[in-house]
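Report on one structure; see the data block that follows.
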Amino acid sequence: MSKIIIAIDGYSSCGKSTTAKKAAASMGYSYIDTGAMYRAVTLYFIQNHVSLSNSKEVETALNNITIEFRINAVGQNQTYLNGLNVEDEIRKLYVADKVSEVSAIAAVRHAMVDQQRKMGKKKGFVMDGRDIGTVVFPDAELKIFMTADPFIRAHRRQIELMTKGEVLDLEDILENIKKRDVIDTTRTESPLKKAEDAVVIDTTFMTLDEQVDQVILMADMVVLKKWKA
Ligand code: DC
């Protein structure tokens, strides 16, 4: 049966990446984490003191950035920035604190969207982000918009960070999440919004397995309908 494009958009920390990763693995699809791309750009900008208001500096920096995904020995997706594994570094709070600001820059978005479209030339992938169903792949066969209560999202992020050795106050994480929601949904350049034809999944009271099962079931239905048509 033919493979499809699955676009998962939604707020930060509502389970998009983990769900997308697991659903992709069990369907034999690849997984593309576009948030990791914006995080890698942010890390580069921080490390190289790129002034966000200087369009020349931003343009030069973007020309010097190569982002790739490689699978490690245990099958995990790892983000590489200019040949270096930055998977752990880009998840840290100092990067999260700046990423929404960086991803609101038009030049940054154009560069990333271009790269994402190239990565998605062959169907059979799950891509998660903020603008996948609206801008990057508006023709995706299955579009999902994920949401969850901000407090639950902060709590989930706290646990995730704790497993990586970062102990942070719930209030600080909640603050960061709320700030990112505002920037992500109000920026002029492709703001986070539900595509008209996206299905909403509210993960507040769902387990990860339930989220994954729901995505797989919906994808199966889309594939079946396509096959019957
Ligand atoms: O999914 P994430 O939390 O790792 O994403 C990090 C940030 O990147 C998020 O605050 C908004 C931005 N982002 C975006 O603007 N567009 C995307 N397609 C993916 C992420």
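The values are calculated or read from the model by the stated rules, or taken from the named source; none is laboratory data. No experiment lies behind these values; they were computed from the predicted model shown. Note that we place each Cβ from the backbone using ideal geometry, even for glycine, and neighbour counts take in every protein chain shown.
Restricting to the range 101-152, name every residue that is among the basic types (Lys, Arg) and out of contact with any Leu (no Cβ under 8 Å at 6 or more places or on another chain). Give the steps one after another, and end with the answer.
Taking the range 101-152 and keeping what is among the basic types (Lys, Arg), we get 109, 117-118, 121-123, 130, 143.
If the condition is that a residue be among the basic types (Lys, Arg) and out of contact with any Leu (no Cβ under 8 Å at 6 or more places or on another chain), then Arg109, Arg117, Lys118, Lys121, Lys122, Lys123, Lys143 are the ones that fit.
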Any chance Lys98 is part of a loop (DSSP other than H, G, I, E, B) and either touching an Asp or Glu at 6+ places or on another chain (Cβ under 8 Å) or not polar (S, T, N, Q) (or both) = no
Identify the single condition in (1) under 21 Å from Val135 (Cα atoms); (2) more than 13 Å from the ligand (Cβ to nearest atom) that Ser100 does not satisfy, given that it satisfies every other one.
-> (2)
Tally of residues being at pLDDT 95 or above and surrounded by fewer than 19 Cβ atoms within 10 Å (Cβ to Cβ) across the range 88-97 | 1
Every pair of residues 6+ apart whose Cβ atoms lie under 6 Å, when the first sits in the range 168-188 and is free of Cβ contacts under 8 Å to residues at least 24 places away in the same chain while the second is among the aliphatic types (A, V, I, L, M) and not in a helix (DSSP H, G or I) | Thr185/Leu192
Out of (1) within 13 Å of the ligand (Cβ to nearest atom); (2) within 25 Å of Leu168 (Cβ to Cβ), the one Thr147 does not meet is (1)
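Filter the range 122-137 down to the residues that are in contact with an Asp or Glu (Cβ under 9 Å, 6 or more places away or on another chain) and within 13 Å of the ligand (Cβ to nearest atom), then identify the one that is nearest to Leu208 (Cα to Cα).
Asp128
For Asp131, state whether it is of a type in the set (D, E, K, R) and modelled with pLDDT of 90 or more.
On the way: of a type in the set (D, E, K, R): yes; modelled with pLDDT of 90 or more: yes.
Yes.
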Pairs returned, first residue in the range 66-93 that is within 19 Å of Thr18 (Cβ to Cβ), second residue that is part of a loop (DSSP other than H, G, I, E, B), beta-carbon separation under 6 angstrom, 6 or more apart or interchain, are Gln78/Asn72; Gln78/Glu87; Thr79/Val86; Thr79/Glu87
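Can you name every one of the helices (runs of 4 or more DSSP H) wholly within the range 1-95 that holds 3 or more residues which are more than 16 Å from the ligand (Cβ to nearest atom)? Even if it seems obvious, please write down each step before you answer.
Details: elements: 16-27, 34-47, 55-63.
Qualifying helices (runs of 4 or more DSSP H): 16-27, 55-63.
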Note: among Ala36, Ala25, just one is at negative phi and surrounded by 16 or more Cβ atoms within 10 Å (Cβ to Cβ), namely Ala36
